[in-house]
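In what follows, a structure is listed as structure tokens, so that the remarks can point back to it.
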Amino acid sequence: MGREIATSEYTRSQRTRYRRELRRNLDIFETFLDTAEFVDEGTVGVELEMNLACTDDMSPALMVDDVLADLDDEQYVHEIGRFNLEVNLPVTHPTGSGLRELEDQLAALLERADDTAQEHGARVIPIGHLPTIGEELFSDSQWRSPGARYEALENSVMQARGEEIHLRIDGEGKGLDATFDSIGPESACTSLQLHLQVPPEQFAAGWNAAQAMAGPQIALAANSPYLMGKRLWHETRVPTFQQALDSRPPEYATQGVRPRVWFGERWITSMFDLFEENVRLFPALIPESRTMAEEPLLTEGASPRLHELMLHNGTVWRWNRPIYDPGTDLPHLRLENRLLPSGPTPIDMAANAAFFYGLIHSLVHERRPLWSRMSFEQADESFQQCARWGLEARVRWPRVGRVRVADLLMEQLIPQALEGLRDLGADADVVERYGEVLQGRARTGRNGARWQIDTVTSLQLRGADRPEALAEMTRLYRAGVDSGAPVHEWPVPARQRAAGA
């Protein structure tokens with residue numbers, strides 16, 4: 001879904017031909033996966049999605065076209081919302097000073113985007129949900145970025161669903177209960193996506209490890225507690241994203257039809273398992289054929305392009321997604337970790353990356369795999385609980401039993417991740433730098449979500465109403481980003497005004 005497509009409407013015959021080609025692609029991939037040579041350099045990569053907010057009131061700034069035109073850099077691209085911006089970082093390695101270089105790149109790219117946005121009266125906010133988004137933003141199509149791919153995605157989801165999108169998310173009071181005649185709320189979700197190049201023989205272990213650790217990973221990084229004025233989950237992106245792109249009529253959901261934003265339902269034995277599930281379980285949303293895209297079946301190096309299979313894979317939003325890339329000389333496989341929110345600061349995001357890359361390396365090389373000691377349902381439950389309650393969640397963990405996830409992180413998972421980084425060859429000062437951030441966050445219980453909640457609570461106790469508190473909190477959040485300090489060190493306003501203030 002990362003590139004433009006030819007049209008936003010498709011005929012029934014085009015859909016029929018696409019299904020036929022999709023199955024052909026799957027057969028080719030099965031044979032190719034078993035026989036081909038793949039690049040395995042262990043590279044890592046990052047995509048960062050951000051929001052644009054008006055400087056005066058921190059409301060969504062629908063000006064991404066102007067900002068991108070001024071940036072004039074192919075690293076910066078559109079996302080679905082006209083107030084969204086994405087930047088793609090160069091690939092690197094987790095060895096040596098690679099993760100520190102990643103932090104420096106994040107800081108430089110974020111600063112450049114923010115400098116450009118300020119010329120248009122806006123700020124760049126790296127955060128899971130822009131707190132000032134209101135329901136009125138999605139009352140017409142002005143929220144959506146231009147391009148046939150976004151229009152086609154919305155048309156296909158809404159046509160398949162057959163009725164309005166209904167967001168029902170538990171939270172304060174009665175939570176959020178709102179309907180929308182578009183997939184607009186999906187644009188509220190901005191993420192930090194981590195890529196890891198994996199050899200075919202290790203992909204199943206890597207994906208299983210990523211699924212098993214997903215709960216603690218999202219608890220440590222949660223940064224999305226507010227949506228449309230309501231305090232909801234610590235990582236509200238999870239239910240928002242799932243419901244905003246739910247192409248199922250309610251009756252299909254009741255029957256157990258799988259949602260397109262999906263944690264999964266089983267451990268796997270091969271990358272092929274995931275692509276086979278995609279084809280077997282999910283109808284095509286954007287049935288653009290290879291012929292329509294004017295794309296050959298084979299590259300010059302004879303690696304199949306598999307256009308239909310890859311396009312279809314981009315419309316099944318697994319929290320850990322398999323990626324096949326035909327490359328130029330040799331193909332490679334990647335694991336795309338999609339569950340982290342954007343922000344808060346470059347050092348926080350680099351620490352989140354360090355935790356993921358270090359822990360997944362350690363888990364893959366354990367004598368007895370973690371996923372052999374826990375059920376898949378247990379991993380799914382952990383993910384849901386940690387998305388809802390963040391570092392305050394309690395999870396069931398092998399050999400530990402029921403435990404507060406912050407304690408599990410401090411005593412077991414963060415040390416294990418740091419050991420994994422050392423084994424990967426990360427420099428000692430890099431391991432120490434991100435270890436201090438991760439431990440500090442778990443020890444204080446203050447991730448981005450907790451800081452946002454505490455700050456809004458303090459501002460309201462000082463007399464602000466909710467909209468005023470959310471706008472002021474967003475200003476203070478941007479000040480925290482400017483400070484460069486990790487979020488657990490950010491100050492929170494006093495809960496009452498000083499005497500005489």
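The values are calculated or read from the model by the stated rules, or taken from the named source; none is laboratory data. These numbers come from a predicted model, not from an experiment. Reconstructed Cβ throughout: ideal geometry from the backbone, glycine too, with neighbour counts over all protein chains shown. All accessible areas refer to the heavy atoms of the entire protein, side chains included, with ligands and DNA or RNA removed. Shrake-Rupley method; radii C 1.70, N 1.55, O 1.52, S 1.80 Å.
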### Query
Net charge near Pro331, counting Lys/Arg +1 and Asp/Glu -1 over other residues with Cβ under 12 Å of its Cβ?
-2
### Task
Treat every Asp and Glu Cβ in the chain as -1 and every Lys and Arg Cβ as +1, leave all other atoms uncharged, and give the resulting dipole magnitude about the Cα centre to the nearest 20 debye.
2080
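So between Glu164 and Thr31, what do we pick up on full extension, going 0.36 nm a residue minus the alpha carbon distance?
Here the segment from Glu164 to Thr31 would lengthen by 43.7 nm.
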### Task
Could you provide, to the nearest whole Å², the per residue accessible area of the chain with probe 1.4 Å?
39
### Message
Need the full-extension length gain, Val257 to Arg396, defined as separation in residues times 0.36 nm minus the C-alpha distance. One decimal, nm.
### Response
47.3 nm
### Task
May I ask you to derive the FRET efficiency for Arg462 and Asp70 from their Cβ-Cβ distance with R0 = 30 Å, giving the value to the nearest 0.05?
0.20
### Task
Could you run the Karplus curve 6.51 cos²θ - 1.76 cosθ + 1.60 with θ = phi - 60° over the range 424-433 and give me ³J(HN,Hα) per residue in whole Hz, x for Gly and Pro?
6, x, 5, 4, 4, 5, 5, 4, 5, 4
### Summary
So, relative contact order of the range 213-279 in percent, Cα under 8 Å, 6 or more apart, is 18
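Per DSSP H run of at least 4 residues, take -39500 (n - 2.57); add these up for the chain, divide by its residues and hand me the 222 nm value, nearest 500 deg cm²/dmol.
-13500 deg cm²/dmol
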### Task
Note down the net charge around Ile183, summing +1 for each Lys or Arg and -1 for each Asp or Glu among other residues with Cβ under 15 Å from its Cβ.
-3
### Tail fraction, Cα-Cα pairs, the chain, threshold 37 Å, whole percent
25
### Query
Cα extents of the range 5-148 along the three principal axes, largest first, in whole Å?
56, 51, 27
### Query
Using a probe of 1.4 angstrom, how much of the accessible area of the chain is carbon and sulfur, in percent?
45
### Query
Ordered by residue, what ³J(HN,Hα) values in Hz, to whole numbers, does the range 310-323 give under the Karplus form 6.51 cos²θ - 1.76 cosθ + 1.60, where θ = phi - 60° and Gly and Pro are x?
6, 5, 5, 4, x, 10, 10, 9, 5, 5, 10, 9, x, 10
### Under the Debye formula (equal points on every Cα, no solvent term), log10 I(q)/I(0) of the range 247-403 at q = 0.10, 0.15, 0.16, 0.17 Å⁻¹
-0.50, -1.07, -1.18, -1.27
### Query
Simple spin-label model, 7 Å along Cα-to-Cβ: Asp454 to Leu330 in nm?
4.9
### Angstrom value of the Kirkwood radius, inverse mean 1/r, which spans all Cα pairs in the range 66-185
17.1
#### Entry: Along principal axes, Cα extents of the range 359-464, largest first, whole Å
56, 37, 16
### Query
Got the relative contact order for the range 312-411 handy, in percent, Cα pairs under 8 Å and 6 or more residues apart?
12
### Query
P(r) of the range 143-190 in 10 Å steps, Cα pairs, percent per bin?
23, 48, 23, 5
### Task
Give the dimensionless ratio obtained when the Cα radius of gyration of the range 122-269 is divided by 2.2 N^0.38 Å.
1.14
### Message
Taking 2.2 N^0.38 Å as the expected size of a compact globular protein, what ratio does the Cα radius of gyration of the range 428-489 give against it, to two decimals?
### Response
1.32
### Task
Using only alpha carbons, build the gyration tensor for the range 158-219 and give me the equivalent ellipsoid semi-axes, biggest first, whole Å.
33, 18, 11
